[in-house]
Amino acid sequence: MRSLNRAEVCDVNFTEFVQRWRGPVRESPASEQSILPGSALDAGGFREIFESQLISRHLDLMARVLRVQDKVFYTIGSSGHEGNAMVARLTRHTDPAFLHYRSGAFMAERFRKLPEMDPVIDSALSFAASKEDPASGGRHKVWGSKPLWVLPQTSTIASHLPKAFGTAVAIEQARRIGHALPIPDDSIVVCSFGDASANHATAQSAFNAAAWTAYQKLPAPVLFVCEDNGIGISVKTPDGWIGRSFRERADLDYFHADALDLARGYGDVQRAIEHCRRSRRPTFLHLRTVRLMGHAGTDFEIEWRNIDELCAVEATDPLLRSAAIAMESGLMHADEVLTRYEQIRRRCFAAAEDADRRPRLTTLDEVMAPLAPYSPQQVQAEAERPGDNARRVAVFGGAHKLPEQQPPRHLAIQINNALHDLLCKYPEALLFGEDVAQKGGVYTVTKGLHKAFGNRRVFNTLLDETTILGLAQGYANMGLLPLPEIQYLAYFHNACDQIRGEAASLQFFSNGQYRNPMVLRIASLGYQRGFGGHFHNDNSITALRDIPGLVVGCPSRGDEAAMMLRTLTALAKVDGRVCAMLEPIALYMTKDLYAPGDGLWLSDYPAPDQALPLGVGRVYLPEDGGAGEDLVILTFGNGVPMSLRAARAIHRKYGWSIRVVDLRWLVPLNEDFIREQVAKAERILIVDEGRRSAGVGEGIISAVIEAGYGARPFRRVAGADTFTPLAGAAFLVIPSEADIVAAADSLQ
Ligand SMILES: Cc1ncc(C[n+]2csc(CCOP(=O)(O)OP(=O)(O)O)c2C)c(N)n1
Ligand SMILES: [Mg+2]
């Protein structure tokens, strides 16, 4: 006999188990009667869940067979986890769900809530990476559905927990600020994951944030579902660890259910879900599952795992138990079980063969279509649409106190004014982060907002950047407009994946069906005097530069910061974009440009109908009225005032007519704009305060060379590839005016 792989073993086991089953048989229960005495599950419900389990199983078996024929491109399965269909049955299709990758049965069961939809066809299209896949349009095998409120997840484990928590908080907070939710007010959030994933820092972030919230008697109706199969790829979870770790965790209410046995487990699952919905408290549902057929199709467990152990696990296959329940209860005869089993097998294969014939993504344009939607006219109109004037007058304390009536001010004040305006204009906007409320931020940039807009819209979070960004996604999922703040750029880095892997990828992996718009503000970059050290002067924006779909702006002056914020917010509102504004800390309070007291770095507050166009930088032409054709300096942030000063010195030395260009928009870099600017100048100088390696300067150079201007003399002044030291030594590693002048010397 040829040797069977473990998928075939499970398949054969099922048939043989049913054929050989000889137990006592009860009288067939009516649909509304308990499936077995004492079970909370009725016979009608059992029949449907069992079918969902079989669909999930046959999708797994189908994927193993058709993967080798290149008709299916994903083999991480749900076998052994089919009991999670109980969670789907007992929740609503409007309860947002963020799912573990072993959620085939959950999905099949949730599909029942909208009977016009077919889980087999939709899943097959996703397995086949078909362009017609309704979840991601063929971009990934995700469990996702717009009508079923399943927000797509890729398989980075644990990264979805913070936004699930955030969505739960948002459900409750929306009501308190009078925002209408897209789902019923008593919705809960379902969030599932594996036992090994429960250890991940990102997961622990979410558990902690949920408990921190509940401890203060604030609602956070999130149902964390830990599908405990005792293993993560090949590493066993210590026996009893999940129970030990969570059973007595304060403010995370623990429930256990056996997902290997529908008749027994159903009542326990029901209790957990009812508790979460009623109490609005974070709830931890520990589900007993097993993993069958290895981690994925490529995992040949037989090569590294004891065969007796494998057989023992396979003997606990929940489908064997479901078949036994079906037969013992008298609901189905063995023949009927097997007929159903084979019918569903045929249905899954037929759907997969059909899906294989449907079109796939064949052009780069198709792949990228949902990544970064941009509607320039609507964005501009939205950015230039002033908020309600009466509200503005009330918030700023009188018509004569409107900021555009005030004398020129510095960057921190103008950002603060712009934030007041945004919170006026958008009642659904929320501003949050560390120390942003009563204190008004480390640099007073958010001062007064808490007082003006109250605790529900301007609030301090717990000290965890992952949670801040998870909350932002959650609010966005519920139609609110989050304006999160990260206190320093260095602290963005430890939560970067929440933007990189999650927020920025949502439109892409949902084929534009879901969006989580936000405007993230980050105090950034170096050159601070007085508050030193690396972590307050992080000058590397590289981690943001290659995040697909993200928009990053970096203003150098107050008026432009205000107008940039309006554009970023409009991008978020109109096109659902994830946006970030890097605020140069060292310029927050800067007032002068060339000499103490000149006040040239102060600016007027722009009237609320003015905004910056995305991607367009600012050109500072020479003071003598020339065209700036001898040298162009391309820069951003702190580099702008430094370059303006250096330009004076260079002009005095060589008489050159110099233009200084503030790029303002760093991601994506506007290569056309760069090309236009360098086309007009004989020499090129790039001033990048970030690190030499992988900094913005590298992008500018590539744009210059690719535009055909590589033969023009050019130099780059950039930060050194090092961390920033404390005190005066910090200035050794970042560009100075003298460095800019010296670079110009070598361009002669
Ligand atoms: C952040 C991250 N680290 C590592 C991985 C690789 N990986 C994928 S699944 C997995 C094991 C997860 O085990 P568990 O949470 O128990 O879920 P199970 O597969 O057992 O259902 C690992 C390590 C990943 N996807 N994401
Ligand atoms: Mg596991």
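The values are calculated or read from the model by the stated rules, or taken from the named source; none is laboratory data. Just so you know, these numbers come straight off a predicted model, no measurement behind them. All Cβ positions, glycine included, derive from the backbone under ideal geometry; neighbour counts span all protein chains shown. Heavy atoms of the whole protein, side chains included, go into the accessibility calculation; ligands, DNA and RNA do not. Shrake-Rupley method; radii C 1.70, N 1.55, O 1.52, S 1.80 Å.
Some observations on this one:
- Selected residue [of a type outside the set (Gly, Ala, Ser), within 15 Å of the chain's Cα centre (by Cα) and modelled with pLDDT of 95 or more] from TYR514, TYR527: TYR514
- For ALA437, the requirement of being closer than 29 Å to ALA201 by Cα and touching a His at 6+ places or on another chain (Cβ under 6 Å) is met.
- Scope segment 209-230; condition away from ligand 1 (no atom under 12 Å from the Cβ) and either open to solvent by less than 30 Å² (accessible area, probe 1.4 Å) or under 19 Å from the mean Cα position of the chain (by Cα) (or both); matching residues: ALA209, ALA210, ALA211, THR213, ALA214, PRO219, ALA220, PRO221, VAL222, LEU223, PHE224
- Matching residues, segment 231-249, being within 12 Å of ligand 1 (Cβ to nearest atom) and either open to solvent by less than 30 Å² (accessible area, probe 1.4 Å) or among the charged types (D, E, K, R) (or both): ILE231, GLY232, LYS236, THR237, ILE242
- Identity of the residue in segment 162-196, assigned to a loop (DSSP other than H, G, I, E, B) and within 16 Å of ligand 2 (Cβ to nearest atom), that ends up nearest to ILE233 (Cα to Cα): ALA196
- Subset of segment 715-748 (residues that are in contact with a Lys or Arg (Cβ under 9 Å, 6 or more places away or on another chain), open to solvent by 40 Å² or more (accessible area, probe 1.4 Å) and not in a helix (DSSP H, G or I)): ARG715, ARG716, ALA720, ASP721, THR722, SER746, GLN748
- Leading residue by the ranking (nearest to TRP212 (Cα to Cα)) among those in segment 282-303 that are at pLDDT below 90 and more than 15 Å from ligand 1 (Cβ to nearest atom): PHE300
- The lone exception for VAL120 - which of (1) assigned to a loop (DSSP other than H, G, I, E, B); (2) over 25 Å from PRO221 (Cβ atoms); (3) touching a residue at least 60 places away in the same chain (Cβ under 8 Å) it fails: (1)
- Filter result for PRO24 (modelled with pLDDT under 95, in a loop (DSSP other than H, G, I, E, B) and surrounded by fewer than 23 Cβ atoms within 10 Å (Cβ to Cβ)): yes
- Qualifying residue in segment 253-268 (condition: over 16 Å from VAL87 (Cα atoms), within 16 Å of ligand 1 (Cβ to nearest atom) and open to solvent by 20 Å² or more (accessible area, probe 1.4 Å)): no
- Scanning segment 60-81 for residues that are among the aliphatic types (A, V, I, L, M), surrounded by 24 or more Cβ atoms within 10 Å (Cβ to Cβ) and within 16 Å of ligand 1 (Cβ to nearest atom) yields one hit, ALA63.
- Some residue of segment 282-302 being without any contact (Cβ under 8 Å) to a residue 12 or more places away in the chain and either charged (D, E, K, R) or under 21 Å from ALA250 (Cβ atoms) (or both): no
- Taken together, LEU582, LEU644, LEU634 contain a single residue that is touching a strand residue (DSSP E or B) at 6+ places or on another chain (Cβ under 9 Å), closer than 26 Å to PHE531 by Cβ and in a strand (DSSP E or B), which is LEU582.
- Residue tally, condition open to solvent by 10 Å² or more (accessible area, probe 1.4 Å) and acidic (Asp, Glu), over segment 539-570: 2
- Residue in segment 147-161 that is under 26 Å from THR283 (Cβ atoms), part of a helix (DSSP H, G or I) and not aromatic (Phe, Trp, Tyr) present: yes
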